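As structure tokens, the structure follows; a few thoughts come after it.
What follows draws every value from the coordinates through simple rules; no lab data is involved. This is a predicted model, so every value here is computed, not measured. Quick reminder, even Gly has a Cβ in these numbers, built from the backbone with ideal geometry, and neighbours come from all protein chains shown.
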Amino acid sequence: MISRNSLDTLAGAILAHLADNPDLVEALVAETGLMPADLRRMAAEPTTDFATALLDFICATDDRLTGFAAASGWSATTVAQTREALAAGVLR
């Protein structure tokens, strides 16, 4: 089970990783249609759905997941398990 605080911390780490990797922002824009301004607005008032979308994006490929894990210090396993917990509706 993941706490809301942990989820918010993880989502913030993913956003920071995206900010450091413009190619990932381009991929996110291409895949979702969201523009960087949309991301900033959504990040200002984070929701579980937004965090889930970020996790879905970062876990979509092994390269994204391992790149994020290496850069952030979050383990790839924890990130993937968090994504699965959210998909199962588990949030404390």
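Structural remarks
- Shown here: the chain, whose C-alpha atoms stretch 31, 27, 19 Å along the first, second and third principal axes, sorted largest to smallest.
- Near-label residues of segment 34-63 by backbone N, under 11 Å of a point 7 Å along Cα→Cβ of residue 27: 57-63
- Globularity ratio of segment 14-54, using Cα Rg and 2.2 N^0.38 Å: 1.06
- Sites residue 84 and residue 41, calculated FRET efficiency, Cβ-Cβ separation with R0 41 Å, nearest 0.05: 0.90
- Remark: relative contact order (the chain) = 42 percent; criterion is Cα-Cα distance under 8 angstrom and separation of 6 or more residues.
- Report summary: the helix-based calculation at 222 nm, which adds -39500 (n - 2.57) for every DSSP H run with n ≥ 4 and divides by the residues of the chain, gives -24500 deg cm²/dmol.
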